[in-house]
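The values are calculated or read from the model by the stated rules, or taken from the named source; none is laboratory data. It should be emphasised that the depicted structure is a prediction, and the values quoted were computed from it without experimental measurement. In this analysis, Cβ positions are derived from the backbone assuming ideal geometry, glycine residues included, and neighbour counts consider all displayed protein chains.
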Amino acid sequence: MKYFLIAGEASGDLHARHLMDAIRAKDAEAEIYYWYRPDLAYMGFISVAMHLPEILRGMQECKKSISEFMPDRLILVDYPGFNLKIAAWFHKVFVEGRRGETTAVPQVVYYIPPKIWAWKEGRIVQIKKYVDSILSILPFEVKWYAGKHDCHVDYVGNPTLDEISMFRNSLQAQEIEAWRNSLALRNAPVVALLPGSRRQEIERNLPMMLKAACAVGGDYQYVIASAPNMHKDFYETIISSALGDGNGDFRKRIVLAPCQGSRSSFMLLDSAYAALVTSGTATLETAIFGVPQVVCYAMAFGKVVSWLRKIVLKVPYVSLVNLIVGREVVPELVAGEMTQESVERNLRNVLVDETFRRNQKQGYETMMQLLGEPGAPEKAAHKIVGK
């Protein structure tokens, strides 16, 4: 069969690549076309509006590629703003247009569906109309989709478990040592700073993380996980602006870790004592590594957003760890709740309060039980290929 996959962000790219490997293992004659455009993954109404012509051109290019490839399966990986529009177009052109034919009608599969349990619940109309199969990587989504919208969802496991398991199985002691030497790390405890993968996220989150870390002090090394396609100078400018000229000693304890795919961030988390993490897949990765963390997500007009959040957001938490467990395992400092004072207070807790650290790790154990065993790409491929 012919499979066309679409992803648009770094985490989705990683999941899509492992899924493609699993599909090839299931279908020896598989033909796969992978369409990945991280440069079109803009967030927020204003940012999307400013880049709308670019996004529309990208959408036309994607449609053209699909039309030329003529897939049996269109596989959407996360990226809902883009992928749901493609699904609607694909359904109209290739599904409705082929009804009544003797040949098999192509199917639309959503792997990692939109998080409509959090916001934009109205997207369920498009999902039910244009998507044939939903493969979830979050266990609570099965019950939510069924209970709220009478919509069947298959939980296939979480691919982050597989990715970290593969990393751990291949990790050699000399590789860790070489990585530490490449960053000139001392023997002091490492605090990981994961400020996000998008420019806007990094610009908003990293300065406050750095200021809070500087205020906390202590003999720690703060290692910043850099994002794909972000130049070193971009981070250096933020660091200089956040710390100014009077924090030379602290500045020496900041290290920028170059991005070399997921392996570089996994190397950092495997070595970390604690972490400040921007909400997203990174919070789940940090928990699987067993690293105590504080979730940080600064936003423009933070106080207003915090007020609107109570009205718009459908769930009490934003981090995957808390959502999966169903209670607060890790502190969430989001929008108006993220201030330098709150980051400082929670960073101190996660560094020196043993009860605080122990409670988090116990919550992580519950999360792992709920996630189940690795094997998500293989289970998803089985559903997609049908063999």
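Of the residues that sit in region 353-387 and are more than 22 Å from the chain's Cα centre (by Cα) and in contact (Cβ under 8 Å) with a residue 60 or more places away in the chain, which one is surrounded by the fewest Cβ atoms within 10 Å (Cβ to Cβ)?
Lys387
Taking the condition outside any loop (DSSP other than H, G, I, E, B), modelled with pLDDT under 95 and not hydroxyl-bearing (Ser, Thr, Tyr), does Val321 pass?
No; evaluated as a whole, the condition is false for this residue.
So which residues in region 287-312 are at pLDDT below 55 and part of a loop (DSSP other than H, G, I, E, B)?
Hits for region 287-312 are Ala300, Phe301.
Out of all the residues in region 172-190, which are within 15 Å of Ser264 (Cα to Cα) and surrounded by 14 or more Cβ atoms within 10 Å (Cβ to Cβ)?
Trp179, Arg180, Leu183, Leu185, Val190
For region 146-154, does any single residue satisfy the condition of being at pLDDT 90 or above, surrounded by 12 or more Cβ atoms within 10 Å (Cβ to Cβ), outside the structural domain of Asp21 (by TED's automatic domain parsing) and touching a helix residue (DSSP H, G or I) at 6+ places or on another chain (Cβ under 7 Å)?
So far as region 146-154 goes, no, none of its residues is at pLDDT 90 or above, surrounded by 12 or more Cβ atoms within 10 Å (Cβ to Cβ), outside the structural domain of Asp21 (by TED's automatic domain parsing) and touching a helix residue (DSSP H, G or I) at 6+ places or on another chain (Cβ under 7 Å).
Any residue at all in region 195-207 that is of a type in the set (Val, Ile, Thr), under 24 Å from Val350 (Cβ atoms), outside the structural domain of Arg123 (by TED's automatic domain parsing) and in contact with a Gly (Cβ under 9 Å, 6 or more places away or on another chain)?
yes
Within region 332-371, track down each residue that is modelled with pLDDT under 95 and under 30 Å from Val142 (Cα atoms).
Residues satisfying the conditions are Glu332, Leu333, Val334, Ala335.
Restricting attention to region 233-266, which residues are under 17 Å from the mean Cα position of the chain (by Cα) and surrounded by 19 or more Cβ atoms within 10 Å (Cβ to Cβ)?
Ser262, Ser265, Phe266
Identify, please: which residue in region 269-280 is of a type in the set (S, T, N, Q) and touching a Gly at 6+ places or on another chain (Cβ under 9 Å) and is, among those, surrounded by the fewest Cβ atoms within 10 Å (Cβ to Cβ)?
Looking at residues that are of a type in the set (S, T, N, Q) and touching a Gly at 6+ places or on another chain (Cβ under 9 Å), I get Ser279.
Tell me which helices (runs of 4 or more DSSP H) are completely within region 95-199 and hold 2 or more residues being touching a residue at least 12 places away in the same chain (Cβ under 8 Å) and among the aromatic types (Phe, Trp, Tyr), or say none if there are none.
140-149
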